[in-house]
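The values are calculated or read from the model by the stated rules, or taken from the named source; none is laboratory data. Computed from a prediction, not measured in an experiment: that's the story for all the values here. Neighbour counts are summed over all protein chains in view; Cβ atoms, including those assigned to glycine, are modelled from backbone coordinates with ideal geometry. Side chains are part of the model used for accessible areas, which takes the heavy atoms of the whole protein and leaves out ligands, DNA and RNA. Shrake-Rupley method; radii C 1.70, N 1.55, O 1.52, S 1.80 Å.
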Amino acid sequence: MAIDFFFRSLSEDQHEQAIGIILSGTGTDGTVGIRAIKKEGGMVMVQSVTSAEHDGMPSSAIATGLVDYELPPREMPDQLIAYVNHAFGKLSKTVASSTADSENLLKKFFVLLRTHTGNDFSYYKHSTIHRRIQRRMGIKKIDTMEDYLHFAQESPDEVKALFQDMLIGVTSFFRDDEAFEALEKKIIPKLFDKREPDEPIRVWIPGCSTGEEAYSIAMLIKEKQNLLKKNHQIQVFATDIDSKAIDVARKGVYSVGIAADISPERLAYFFTAENKENSYRIHKNIRDMMVFSEQNAIKDPPFSKLDLISCRNLMIYLDVNIQKKLISLFHYALKPGGYLFLGNSETVGELNNLFDSIDRKAKFYQSKVDLSGLKKNNLNRLLLSDKETKQEQISIAAKRLPDTKNMLRHLTEKTLLQQTNLSSALITEHGEILYLHGRTGRYLELPSGEFDRNILKMARTGLKHTLTTALHKAVRTNETIQYQGLQVKTDGEFVMVNMSIRRVETDSEEFSDKPLYLVILEEVQQTLQKQASKNSESVIEDDIHLEGLKEELRAKEEYLQSANEELEKSNESLGIINQEMQSINEELQSTNEELETSKEELQSVNEELTTVNSELQTKLIDLSQVNNDMNNLLAGTNIATVFVDYNLNILRFTPATTKIINLIATDIGRSVGHVVTNLVNYDSLTKDVQEVLDTLKSKEVEVQTKEGKWYTLRINPYRTLENVIEGAVIIFVDIDQLVAAREALYKANEKQLLAVVVKDSRDAITVQDLKGQILAWNTAAERMYGWLESEALKMNMKQRIPNSIKEKESDVLKSLSLSKTLEPYKTQRIKKDGSVVDVWMIATALVDEKEKIYAIATTERIIEA
């Protein structure tokens, strides 16, 4: 009923257009159809989820972010009628009648989009921009472009919507079967020819949209790599200015509609079904090859040393000049002999000196060897500069007619300039000429070789050195610099010239951050002749001296010239290095962005798989019995065991595990990294499990709980009967008694070893309590002092110290109580026969577990005479 009413409301010439709008809602994939309709300026309407009995289709369409209206069915006919009447009636007539002013309005739209999004669309074909703007006007029911411009200026959300409409592109897997078949047979095999084992294959897909084309090329390369059984690293860089499209490409999840574009073999090998087979996810072995990044191919530095660039159906939206820049940029980024893959309607145009045509039908081109020095040129010349992106805004201001006062001022200034004999040049701080006035050819000449607009290179003899010095001084001091009586060589003779350089203030937005300088040159030849007639005799007398000065000046100028040339060569080399660094930096930024995305993906938890087929249902009873047996077995062993899947989610655990890890029944399905453990000084459980899954090698670690119990943590891969790794098994084995026995054995061995050391030491080792009573006396002490151990144990250390140093030794004991160990020092001791000997002594305080000194140990050695 709603559709019939809708058709009856339309005129005959509106039926065909209206049918196109209605049919846009049909289709299996949704996203491809919606993008195709919006690309051609159509409107997309979808039933609201709340009004739908089954919300699968509307939810899928809304998820694309491309829907214009979400309405219940009863409101759709009125909205369709209003849109068609507006879009194909009043709006089309209004647009047709205002074509003369549309160009100026377009330029204002370009400025608006550039201000809000940072992207310049002035280099897009204007017919495409017109179509996208008219679509938004139809959606918002605005009659004129001027009214829509005012609406957009006041609504940032509308600017974002217009920006998204500008970026709509239609893409699919293996789009254009013949072209991709030619790519697979003619180009892909050549990427592996004569390539070193450690040399990667690098591919760039600018304008990748949602990633289908990039993944298609990656699959073809992977298939060839598997066939050749080679192990080259494959790097596929895919870029686009649409951040939303890049996010879709990074996820690598597509609807079931892709099955129409991909063979069943490739679908099974490169994709995994998800969400009850409502979508497909690209396999990890392909996703790891990809680096997706938000990038403007025309403005941002490109990737470098590429083997293949696939840029299909991007240049058809750009004007001719930008197409030339882009082709030159691709030549810069490709290796010599690299390949360029274009769309059916695209060619390299006039730049066939940079590429050889490999297949005209499939649009394959091969980069020629760089003989023209293109890659030595400044990379910034190939990229769209900020100056060029502002050109549209400047041209709008330039085309505005000046008012009467400005016209009179312009006329007056022009007449005054015509009456002066001055020559001048407007330059930047680096000497680049922006504008010339007067007969500057008398003072400037074009150098041989490549054209250069730098005034310092064009200045004639006698002017170059002074001009260079003056410009540097003017830039540094920001003052007007003047030189009088410069002798400049012109047409084989020298003329007298006065020169000044001054800063020029400007309100132009283009040069707001770029200081300008005006060089003024005035010839004073007549004044020179008068002065010469009055002082002819003086001039004759100074000729000889003047010639000598000129010769010296020429020598210095030649030296400075050679130094400047060397400096220029160094600057050129640095420029080339800087360009390479720009490309490498862009690549690193893209890689870093991709790594951040990969990190987020690793941290996310995949949904638990719930697919149960008919075969498993028939074996449900047997499986339940096996589970019961296994649970009883695991509980009876009293060994703490945890089973995790490949995503580190807990599958099951034994009761004994709860003493070590805080687990409850509801933790099944959670990541093992989210569970708190009772382990001390061990927080790398997740990392160790992941390492076992990556290397398939078991890992064993001794860990201790907060209660002091010791366990051996053993992590093994979980293998199925088909030898497929589906997770890991974490086992805790109680080794508390083993550790205690090992420590006891170690202490016993340590004490035994210490006793042997003390007994067999060649130095006298003694132990005394804090009152000086001897507690230990080794064999070396018996040999050095004459007292047996049984005799010494009855003595006090004071009996062995001469009276003359007893007070000093008392101070030593006080120092020992503070530092626990003293540096070796020289002292004296009494032997059994009464003689006094000089000894080297090391005294150490013995402390208990409470850090309290309970005895003093000494190591003594007699100093030989």
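Overview of results
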| quantity | calculated |
| --- | --- |
| Formal net charge of residues neighbouring L521 (Cβ-Cβ distance under 12 Å; K, R +1; D, E -1) | +1 |
| In Å², nearest 10: area of K808 left accessible to a 1.4 Å probe | 130 |
| Separation of alpha-carbon centers, the range 708-733 and the range 446-495, rounded to whole Å | 80 |
| Segments 353-364, 244-255 sorted - mean Cβ within 10 Å per residue, highest first | 244-255, 353-364 |
| From phi via Karplus (6.51, -1.76, 1.60), per-residue ³J(HN,Hα) for the range 717-724 in Hz, x at Gly/Pro | x, 8, 10, 7, 5, 8, 6, 9 |
| Heavy-atom SASA rank of E860, E294, E557 (probe 1.4 Å, accessible area, largest first) | E294, E557, E860 |
| Kirkwood-based shape ratio for the range 659-747, expressed as Rg/Rh from alpha carbons | 1.02 |
| Cα-projected label distance for K687 with L516, points at 7 Å along beta-carbon direction, nm | 6.0 |
| Stretch gain in nm, segment S810-S263, where the contour uses 0.36 nm per residue and the Cα spacing is subtracted | 187.3 nm |
| FRET efficiency for Y646 and Q233, using Cβ-Cβ distance with R0 set to 25 Å, rounded to 0.05 | 0.55 |
| Accessible surface, per residue, of the range 633-723 when the full set of protein chains is kept, probe 1.4 Å, Å² | 57 |
| Virtual spin-label span in nm between H126 and L770, 7 Å along Cα→Cβ | 10.2 |
| Separation of alpha-carbon centers, the range 135-173 and the range 760-778, rounded to whole Å | 96 |
| Accessible area (Å², 1.4 Å probe, nearest 10) - S155 | 30 |
| Calculated on alpha-carbon atoms, Rg and Dmax of the range 632-691 in Å | 11.3, 32 |
| In sequence order, calculated HN-Hα J values of the range 594-599 (Karplus, 6.51, -1.76, 1.60; Hz; x Gly/Pro) | 5, 5, 4, 5, 4, 4 |
| For L334, residues with placed amide H under 5 Å, excluding near neighbours | L306 |
| At R0 = 51 Å, FRET efficiency that the Cβ-Cβ distance of V724 and T591 yields, to 0.05 | 0.95 |
| Portion, in percent, of the accessible area of the range 161-233 that falls on carbon or sulfur, probe 1.4 Å | 46 |
| Stretchable slack from E789 to E479, in nm (0.36 nm times residue separation minus alpha-carbon distance) | 101.8 nm |
| Spacing of the two label points (7 Å from each Cα toward its C-beta) at R502 and H116, in nm | 4.5 |
| Ranking by accessible area, most exposed first, for H116, H283, H232 with a 1.4 Å probe | H116, H283, H232 |
| Karplus-derived HN-Hα couplings along the range 183-191 (A = 6.51, B = -1.76, C = 1.60, θ = phi - 60°), whole Hz, x at Gly and Pro | 4, 5, 8, 9, 9, 4, x, 5, 5 |
| Exposure of R281 as accessible area (Å², to 10), given a probe of 1.4 Å and all protein chains | 90 |
| Dmax and Rg, reported as Rg then Dmax, of the range 264-304 (C-alpha, Å) | 15.2, 43 |
| The range 214-276 and the range 315-355: distance between their alpha carbon centers, rounded to Å | 25 |
| Computed lengthening from H437 to S624, 0.36 nm per intervening residue step minus Cα-Cα distance | 57.7 nm |
| Lysine pairs meeting the criterion (Cα under 24 Å, 8 or more apart or interchain), as found in the range 135-200 | 4 |
